[in-house]
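Visitor: Here you go, one structure.
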Amino acid sequence: MERKDYHTRAGIECLNSCIYNYLSNENQAISKSDIFFSGGGYEISYSRGNGQQIKSGQNRSNLQFIRTYLEGSILDNVLETYEGEMKAFLKEALLNGRRLIINVSGSGLPYNKAFDCNQTVSHFINLIGIDTEKNLVKISDGCMPVVGGGCYEDWMDMDALTENWQMMNGRYIEINYRHPDIRKIKESAYENMRKGIKKYLHKDKAWFGSSVGGHQAILRLFEDIKVMIGCNTKNSLEIIRDINQQLRVDGYLSSKAFLLEKMQEMGCREERTASYRYMIREYDRICLNVMKSVIKKKPEDMEVLIKQIQYSVQEENKILKEVLRNPFPGFK
């Protein structure tokens, strides 16, 4: 049994793409950025606290969207991680057409060569079919955890899948809904996006505190990284790997991709969207080079990168201010 006429579409972030793929394949006229912004994403912040953390509200936005608009869904369920029970659950659920999203380790997926096999990298996929005779489950991944991204849809051995799923404690989400108000979702996404941009542009006065928000978050993070390199901080490579994950995978850069999609969806001028697309590439390049500078232990390289990120922030802010001055013409 498998879902007919289901086609895996490429996403921006894994859990967001899981939600998007279920809805879009059932002809719900919704975008990835609708889910992100209507769920309250784009809350950019950086805090030192217990290790450096830069956040965008990405995971929270997915869960909030489900709670608010997909009535009857089951969130953050954990299944007893006995292999027999997990397989029985999958068979019952998939044979009855239930919309399952499961939390797996991205490093253990057969098509992922990007991460060390010993790492446990949280990832989400949809399950869209089962063949009990061949002991196979069909998986749908709209945001592959590999360099360059992309999507994947194919059969996977059920034993290998449940073994991977056990690594994430059998966590799953079940999507249910009746009649989601798409117009309300889009209006909420648009308003939340504008509020988010205003907060992002706001100059946080608490620069010397333990946390800072908006466009200043990345500036403060880079300054702290420069100090870390200069002091030859213990475990600096481990710290920067975690930061790199936060920047490039966990939401900072993807929040900008969601904003670009919303700009395009709302009919923003091509010149403006092209400028913002280039800006995202620049952020990505600079963030990648930060990791290289830590590996080489060259604080002078960080000085150059800090100037580059300051310039990128200034240019991005100009684009965002223009977006606020010129409201988008409407929904497409």
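Visitor: Could you calculate the contour length gain from ALA93 to GLU315, that is, 0.36 nm times the residue separation minus the distance between their Cα atoms, to one decimal place in nm?
Guide: 75.0 nm
Visitor: Moving to a separate point now. Compute the separation of the alpha-carbon centres of segment 261-275 and segment 1-68 and state it in Å as a whole number.
Guide: 20
Visitor: Another question, if that's okay. How far apart, in nm, are two points set 7 Å out from the Cα along the Cα-to-Cβ line at LYS4 and at ASP159?
Guide: 3.3
Visitor: Work out the length of the dipole vector of segment 132-256 about its Cα centre, built from +1 on the beta-carbon of each Lys and Arg and -1 on the beta-carbon of each Asp and Glu, and round it to the nearest 20 debye.
Guide: Dipole size: approximately 1040 debye.
Visitor: Something else about it: At 7 Å along the Cα-to-beta-carbon direction for both ARG60 and ASN135, put a label point, then send me their distance in nm to one decimal.
Guide: The answer from the label model is 4.4 nm.
Visitor: How much FRET efficiency would the formula 1/(1 + (r/R0)^6) give for ASN235 and TYR82, where r is the Cβ-Cβ distance and R0 is 45 Å, rounded to 0.05?
Guide: FRET efficiency, ASN235 to TYR82: 0.80.
Visitor: Can I ask one more? In debye, nearest 20, what is the charge dipole magnitude of segment 1-139 about its Cα centre with +1 on Lys and Arg Cβ and -1 on Asp and Glu Cβ, if you could check?
Guide: The calculated dipole for segment 1-139 is roughly 300 debye.
Visitor: Nothing charged except the Cβ atoms of Lys and Arg (+1) and of Asp and Glu (-1): what's the magnitude of the dipole of the chain about its Cα centre? Round to the nearest 20 debye.
Guide: 1500
Visitor: Also, I was wondering about something else. Tilt of helix 216-230 relative to the longest C-alpha principal axis of the chain, in degrees (0 to 90, nearest 10)?
Guide: It works out to around 80 degrees.
Visitor: Using Cα atoms only, what is the angle between the long axis of helix 182-201 and the major principal axis of the chain, expressed in degrees (0 to 90) to the nearest 10?
Guide: The helix 182-201 is inclined about 30 degrees to the chain.
Visitor: While we're here: Take the alpha carbon gyration tensor of the chain, find the square roots of its eigenvalues, order them as a ≥ b ≥ c, and report rounded if a/c is under 1.5; if not, report prolate when a/b exceeds b/c, else oblate.
Guide: Taking the square roots of the gyration eigenvalues as a ≥ b ≥ c, the chain is oblate.
Visitor: Can you give me the relative contact order of segment 94-201 as a percent, contacts being Cα pairs under 8 Å and 6 or more apart?
Guide: Dividing the mean separation by the residue count of segment 94-201 yields 27 percent.
Visitor: Let me ask something else about it. Given a 1.4 angstrom probe, I'd like the percentage of the accessible area of the chain that is carbon and sulfur, rounded to a whole number.
Guide: Using a 1.4 Å probe with all protein chains present, the chain comes out at 48 percent carbon and sulfur.
Visitor: Say the dipole of the chain comes from +1 at the beta carbon of Lys and Arg and -1 at that of Asp and Glu; which of ASN62, GLN308, LEU90 then lies farthest toward its positive end?
Guide: GLN308
Visitor: Need one word for segment 231-332: rounded, prolate or oblate. Basis is the Cα gyration tensor (sqrt eigenvalues a ≥ b ≥ c); a/c below 1.5 gives rounded, then a/b vs b/c decides.
Guide: Taking the square roots of the gyration eigenvalues as a ≥ b ≥ c, segment 231-332 is prolate.
Visitor: Here's a follow-up. Identify all lysines with a Cα-Cα distance to LYS198 below 20 Å; exclude those on the same chain that are fewer than 8 residues away in sequence.
Guide: Qualifying lysines at Cα under 20 Å: LYS55, LYS186, LYS256, LYS262, LYS318, LYS321.
Visitor: Using only Cα atoms, find the angle between the long axis of helix 252-265 and the longest principal axis of the chain, and express it within 0 to 90 degrees, rounded to the nearest 10.
Guide: It works out to around 80 degrees.
The values are calculated or read from the model by the stated rules, or taken from the named source; none is laboratory data. If you're wondering where the values come from, they're calculated on a predicted model, not measured in any experiment. Please note: Cβ atoms are built from the backbone with ideal geometry, for glycine as well, and neighbour counts cover all protein chains shown. Heavy atoms of the whole protein, side chains included, go into the accessibility calculation; ligands, DNA and RNA do not. Shrake-Rupley method; radii C 1.70, N 1.55, O 1.52, S 1.80 Å.
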